[in-house]
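Visitor: One structure, pasted below without further comment.
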């Protein structure tokens, strides 16, 4: 009986294993291969060393130092993540506290923009923030927003906010309501209930949400290209430009270095989550 169940489990898992190998493992192997080879296919550390050079002249001339680009990418991603957390946590709390029927409506409204393609959403933000766009027309001003870091951060927050709200909402909604009531009965004010009960128990959702916003924010390139107006470059733009210019080895090397740094960050963040808590981060 156990062998039959084991066989059925293996058969059921086979499509998932095949999918993971085809779309996760194999692409990673290809990235590592190109990162450690030159244009002729010979083994080389040249691409990895070029990432750490002062000006990266071996890879693509005219670009700033890769470290500065990565730091700028991290800076904007962290700002966007903090804003998503400050906005998303109260929103997730209010949704979790709402009536079950209203919760479904709120979740649907939160996810509704995600049904639209990222390209269309980004162009709609451009139409709102452009010099002659809806915002300037509404306010009667001539603010120049497109081409600034603020526009890129706004685009990141708009696109990735649901990824912050949903894991936090899931964690808060699974907290036993009796714990809230017990804290109130013991004399805790609503603020102390949130800070002493809700916040600690929802930390796995917070860490998961932070990760789900931070990682795509660091690696994004389309948002920065359209809303940044080409006035500055993020690490995702650099990688995309390398592949467009058919410099696969350099693009793979930058991607590999960034992936390693992100994995180190995720490992550190996982230290702050309790694996026994529901809704925790899974990497």
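The values are calculated or read from the model by the stated rules, or taken from the named source; none is laboratory data. As the structure is a prediction and not an experimental result, all values here were calculated from the model. Here the Cβ is made from the backbone with ideal geometry for all residues, glycine too, and neighbour counts use every protein chain on show.
Visitor: What do you reckon, is residue 145 under 29 Å from residue 234 (Cβ atoms) and either more than 24 Å from the chain's Cα centre (by Cα) or at pLDDT below 90 (or both)? Can you show your working first?
Guide: On the way: under 29 Å from residue 234 (Cβ atoms): yes; either more than 24 Å from the chain's Cα centre (by Cα) or at pLDDT below 90 (or both): yes.
Spelling it out, residue 145 is indeed under 29 Å from residue 234 (Cβ atoms) and either more than 24 Å from the chain's Cα centre (by Cα) or at pLDDT below 90 (or both).
Visitor: Suppose the filter is out of contact with any strand residue (DSSP E or B) (no Cβ under 9 Å at 6 or more places or on another chain), more than 30 Å from residue 40 (Cβ to Cβ) and crowded, with 20+ Cβ neighbours inside 10 Å; does residue 191 pass it? Break it down stepwise before answering.
Guide: Working: out of contact with any strand residue (DSSP E or B) (no Cβ under 9 Å at 6 or more places or on another chain): yes; more than 30 Å from residue 40 (Cβ to Cβ): yes; crowded, with 20+ Cβ neighbours inside 10 Å: no.
Against the criterion (out of contact with any strand residue (DSSP E or B) (no Cβ under 9 Å at 6 or more places or on another chain), more than 30 Å from residue 40 (Cβ to Cβ) and crowded, with 20+ Cβ neighbours inside 10 Å), residue 191 does not qualify.
Visitor: Please go through the range 253-283 and give me each residue that is modelled with pLDDT of 75 or more and either closer than 14 Å to residue 205 by Cβ or in contact with a strand residue (DSSP E or B) (Cβ under 8 Å, 6 or more places away or on another chain) (or both), ordered by number.
Guide: Once the filter is applied, which keeps residues that are modelled with pLDDT of 75 or more and either closer than 14 Å to residue 205 by Cβ or in contact with a strand residue (DSSP E or B) (Cβ under 8 Å, 6 or more places away or on another chain) (or both), the range 253-283 yields nothing.
Visitor: In this structure, is residue 130 under 26 Å from residue 205 (Cα atoms) and more than 21 Å from the chain's Cα centre (by Cα)?
Guide: Working: under 26 Å from residue 205 (Cα atoms): no; more than 21 Å from the chain's Cα centre (by Cα): yes.
Spelling it out, it is not the case that residue 130 is under 26 Å from residue 205 (Cα atoms) and more than 21 Å from the chain's Cα centre (by Cα).
Visitor: Taking the range 98-107 as the search range and keeping residues that are modelled with pLDDT of 90 or more and assigned to a helix (DSSP H, G or I), which one is nearest to residue 162 (Cα to Cα)?
Guide: 107
Visitor: List the number of the failed condition for residue 205; all other conditions in (1) surrounded by fewer than 18 Cβ atoms within 10 Å (Cβ to Cβ); (2) more than 30 Å from residue 123 (Cβ to Cβ); (3) in contact with a helix residue (DSSP H, G or I) (Cβ under 9 Å, 6 or more places away or on another chain) hold.
Guide: Residue 205 satisfies every listed condition except (1).
Visitor: Quick check, is residue 231 outside any helix (DSSP H, G or I), over 14 Å from the mean Cα position of the chain (by Cα) and surrounded by fewer than 20 Cβ atoms within 10 Å (Cβ to Cβ)? Write out each step before concluding.
Guide: Working: outside any helix (DSSP H, G or I): yes; over 14 Å from the mean Cα position of the chain (by Cα): yes; surrounded by fewer than 20 Cβ atoms within 10 Å (Cβ to Cβ): yes.
So residue 231 passes the test.
Visitor: In addition: Do the conditions hold for residue 151, that is, is it modelled with pLDDT of 90 or more, over 21 Å from residue 167 (Cα atoms) and in contact with a helix residue (DSSP H, G or I) (Cβ under 7 Å, 6 or more places away or on another chain)? Before the answer, list the steps.
Guide: Working: modelled with pLDDT of 90 or more: yes; over 21 Å from residue 167 (Cα atoms): yes; in contact with a helix residue (DSSP H, G or I) (Cβ under 7 Å, 6 or more places away or on another chain): yes.
Here the answer is yes, as residue 151 does meet what is asked.
Visitor: Enumerate the helices (runs of 4 or more DSSP H) found wholly within the range 109-220, keeping only those where 1 or more residues are without any contact (Cβ under 8 Å) to a residue 24 or more places away in the chain and more than 30 Å from residue 271 (Cα to Cα).
Guide: On the way: elements: 118-129, 134-139, 149-173, 177-185, 190-193, 203-219.
So the answer is 118-129, 134-139, 149-173, 177-185.
Visitor: With the condition kept exactly as written, say whether any residue in the range 108-125 is modelled with pLDDT under 90, over 23 Å from the mean Cα position of the chain (by Cα) and either surrounded by 12 or more Cβ atoms within 10 Å (Cβ to Cβ) or within 29 Å of residue 202 (Cα to Cα) (or both).
Guide: So far as the range 108-125 goes, no, none of its residues is modelled with pLDDT under 90, over 23 Å from the mean Cα position of the chain (by Cα) and either surrounded by 12 or more Cβ atoms within 10 Å (Cβ to Cβ) or within 29 Å of residue 202 (Cα to Cα) (or both).
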